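Peer 1: Following this message is one structure expressed as structure tokens.
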Amino acid sequence: MLVDGKWTEDWQPVQKADKDGRFVRQTSAFRNWITPDAAPGPTGTGGFKAEAGRYRLYVALICPWASRTLAARALKGLEDVIAVTVVDPQLTDQGWAFGGRGEADPLHASEFMHGLYTRADPHYTGRATVPVLWDEKQDVMVNNESADILAMLDSAFEGIVSSDLRLRPEGLLDQVEALNADIYDRLNNGVYKAGFASSQKAYDEAVEGVFASLDMLEARLEGQADGPFLFGGAPTETDVRLFVTLVRFDAAYHNIFKCNWKRIADYPRLQAHTEAMLALPGLRGTVNMAHILAGYYSVKALNPTGITPKPPAHVAAMLA
């Protein structure tokens, strides 16, 4: 990680845990917002006006947090408005790297993602995570919090590319945010809490939460009469947040994170939800199973041999 702008130690999957061995995720540090008129958003400062060709997303296709921003970009039709650079899926001793199976950094020829962080803040302390939203005009980092990026992509660029789809519909916003929070804690982050637990107690607690969340969501979808999504016939931000975990689950989390009580294929409604999401315009292109498998199975702490399996047959067929 970086300490006062200097790389100080080899990358490790767990850099912080509580006293009971629970994995603790880092809080994002760059929290500016793109808005239609460059006014400040809920956090950070102003000066980031929505403009075509001005912003770039740096992502890893293995990463669900980065991939949910790609999903929003696709669903809102912003592919020609916001550029994307993909890093190598395999984490190096210095974290995310450019090149390899990914792409070169077109702006600064950075070798590692942490080079962008020290360019944004020469005294930055913390992990160099993805996604990163970069302002090419001012040459600064706008935001590295995927939840913020999801929200701004839903509304900030409406004056440039209008869309009938609202991922955060005003009439459902309280319900969307409440379900987002539950899914994040028990499922999205829950699989990581299970995989990176450093005590039996922490693992048991996390894996129970993962499957309690999946059971709850299966029951919710079973009772959904007006469409395949969590709030009916149209996808919301909550569906995006759920999808990025579901599509990785059977190929990665089931094995590498020891979340092996059931597969998503054993949940008919959740499997149908995954397939319904993949059928939405542009979304299939945000899923790269080769990157997902290469990335997760390269984590030496979880898979010291580095052997990478093929995806399960039903996952390969779904993505074919």
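The values are calculated or read from the model by the stated rules, or taken from the named source; none is laboratory data. A quick note: this is a predicted structure, and the numbers were derived from the prediction, not measured. Note that we place each Cβ from the backbone using ideal geometry, even for glycine, and neighbour counts take in every protein chain shown. When the accessible area is computed, the model is the full protein with side chains, heavy atoms only, and any ligands, DNA or RNA have been set aside. Shrake-Rupley method; radii C 1.70, N 1.55, O 1.52, S 1.80 Å.
Peer 1: With the structure loaded, tell me whether Arg166 is of a type in the set (Lys, Arg), open to solvent by 10 Å² or more (accessible area, probe 1.4 Å) and part of a loop (DSSP other than H, G, I, E, B) or whether it fails that test. Give the derivation first.
Peer 2: Values: of a type in the set (Lys, Arg): yes; open to solvent by 10 Å² or more (accessible area, probe 1.4 Å): yes; part of a loop (DSSP other than H, G, I, E, B): yes.
In short, yes.
Peer 1: Is there any pair with a first residue in segment 172-200 that is under 17 Å from Arg248 (Cα atoms) and touching a residue at least 24 places away in the same chain (Cβ under 8 Å) and a second that is open to solvent by 70 Å² or more (accessible area, probe 1.4 Å) and of a type in the set (Lys, Arg) whose Cβ atoms are under 8 Å apart and which are 6 or more apart or on different chains, and what are they?
Peer 2: Close Cβ pairs satisfying both conditions: Asn189/Arg25; Tyr192/Arg25; Ala194/Lys258; Gly195/Lys258.
Peer 1: Does segment 273-298 hold any residues that are open to solvent by less than 20 Å² (accessible area, probe 1.4 Å), part of a loop (DSSP other than H, G, I, E, B) and among the hydrophobic types (A, V, I, L, M, F, W, C), and which are they?
Peer 2: Selection gives Leu283 alone.
Peer 1: Against the conditions (1) out of contact with any Gly (no Cβ under 7 Å at 6 or more places or on another chain); (2) touching a residue at least 24 places away in the same chain (Cβ under 8 Å); (3) open to solvent by less than 70 Å² (accessible area, probe 1.4 Å), where does Ile160 fall short? Just the number, please.
Peer 2: Among (1) out of contact with any Gly (no Cβ under 7 Å at 6 or more places or on another chain); (2) touching a residue at least 24 places away in the same chain (Cβ under 8 Å); (3) open to solvent by less than 70 Å² (accessible area, probe 1.4 Å), the lone unmet condition for Ile160 is (3).
Peer 1: Looking only at residues in segment 106-151 that are farther than 26 Å from Gly46 by Cα and in a loop (DSSP other than H, G, I, E, B), which one is least open to solvent (accessible area, probe 1.4 Å)? Before the answer, list the steps.
Peer 2: Residues of segment 106-151 that are farther than 26 Å from Gly46 by Cα, as a first pass: 109-112.
Then keep just the ones that are in a loop (DSSP other than H, G, I, E, B); that gives 109-111.
Working: Ala109: 85, Ser110: 20, Glu111: 127 Å².
If we take residues in segment 106-151 being farther than 26 Å from Gly46 by Cα and in a loop (DSSP other than H, G, I, E, B), then Ser110 is least open to solvent (accessible area, probe 1.4 Å).
Peer 1: Name the residue that is surrounded by the fewest Cβ atoms within 10 Å (Cβ to Cβ), counting only residues in segment 39-98 that are β-branched (Val, Ile, Thr) and part of a strand (DSSP E or B). Can you show your working first?
Peer 2: Of all residues in segment 39-98, those β-branched (Val, Ile, Thr) come to 43, 45, 59, 62, 69, 81-82, 84-87, 92.
Of the ones still in play, those that are also part of a strand (DSSP E or B) are 59, 84-86, 92.
Details: Val59: 26, Val84: 17, Thr85: 20, Val86: 20, Thr92: 15.
By that ranking, first place goes to Thr92.
Peer 1: On the given criteria, is Arg186 open to solvent by 10 Å² or more (accessible area, probe 1.4 Å) and in a loop (DSSP other than H, G, I, E, B)? Steps first, answer last, please.
Peer 2: Details: open to solvent by 10 Å² or more (accessible area, probe 1.4 Å): yes; in a loop (DSSP other than H, G, I, E, B): no.
Here the answer is no, as Arg186 does not meet what is asked.
Peer 1: Answer yes or no: is there a residue in segment 245-254 that is out of contact with any Cys (no Cβ under 9 Å at 6 or more places or on another chain), surrounded by 15 or more Cβ atoms within 10 Å (Cβ to Cβ), under 20 Å from Leu293 (Cβ atoms) and β-branched (Val, Ile, Thr).
Peer 2: Yes - at least one qualifying residue is present in segment 245-254.
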